[in-house]
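The values are calculated or read from the model by the stated rules, or taken from the named source; none is laboratory data. Note that the coordinates shown come from a computational prediction; the quantities given were computed from them, not determined experimentally. Note: ideal-geometry Cβ built from the backbone for every residue, glycine included; neighbour counts use all protein chains shown.
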């Protein structure tokens, strides 16, 4: 029974990341409709915010996999000019929109329901953010996804990726997230990288090599 449950959980995780968009949307809407992800609703003081404030320079942010709108409503309001959040879950975006109304940022924040693996932006941005959402990119497609989005960075724009690359309690390294960071380091121009041991997170800031 336990093995069967583990198998179902594993398969659900695969479909959430790599399944067809309509299946991913259904699964994520189910989860955001319940209490499973309530723990991520409030992340004020997160380690990624100082990096965002440093590089956005009151400009524009594209947040891929924005979830319930944490970044859009917790980042200092005077740090950015415009924000576009993309997520596949209509339920998560409903939460994000309500939070935006409450924080009175409707003139700055906009949300789009889409699978970010295939989403096509309509403008260029100063920062393109993957906040944990890089987990849902197949390892073999990390370079291709980043290269596709590179054309939507302004000339001095950067990618910012935040990932849990080690276990906060044991300090044990996580193979797949670190392999993804390795792709970023090998294939792009790293501007800044910092490890936060208390959370096990790494924040890496980089841009395409052509933007030297």
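Tabulated data for the structure shown
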item: Filter result (in contact (Cβ under 8 Å) with a residue 24 or more places away in the chain, closer than 14 Å to residue 159 by Cβ and under 16 Å from the mean Cα position of the chain (by Cα)) within the range 181-206; result: 184, 202, 203, 204, 205, 206
item: Sole exception among (1) in contact with a helix residue (DSSP H, G or I) (Cβ under 7 Å, 6 or more places away or on another chain); (2) over 27 Å from residue 186 (Cα atoms); (3) assigned to a strand (DSSP E or B) for residue 163, by number; result: (2)
item: Residue 142 being surrounded by fewer than 21 Cβ atoms within 10 Å (Cβ to Cβ) and in contact with a helix residue (DSSP H, G or I) (Cβ under 8 Å, 6 or more places away or on another chain); result: yes
item: Subset of the range 184-199 (residues that are crowded, with 18+ Cβ neighbours inside 10 Å and over 15 Å from residue 131 (Cβ atoms)); result: 188
item: Qualifying positions in the range 179-207 - assigned to a helix (DSSP H, G or I) and out of contact with any strand residue (DSSP E or B) (no Cβ under 8 Å at 6 or more places or on another chain); result: 179, 182, 183, 186, 187
item: Hits in the range 36-88 - residues which are assigned to a loop (DSSP other than H, G, I, E, B), within 19 Å of residue 191 (Cα to Cα) and under 14 Å from the mean Cα position of the chain (by Cα); result: 47
item: Test for residue 71: is it modelled with pLDDT of 70 or more and surrounded by fewer than 18 Cβ atoms within 10 Å (Cβ to Cβ); result: no
item: Among the candidates 92, 97, residue that is farther than 20 Å from residue 52 by Cα, in a helix (DSSP H, G or I) and at pLDDT below 95; result: 92
item: Any hit, the range 111-129, residues being without any contact (Cβ under 8 Å) to a residue 12 or more places away in the chain and more than 24 Å from residue 204 (Cα to Cα); result: yes
item: Meets criteria (under 14 Å from the mean Cα position of the chain (by Cα) and at negative phi) for residue 153; result: no
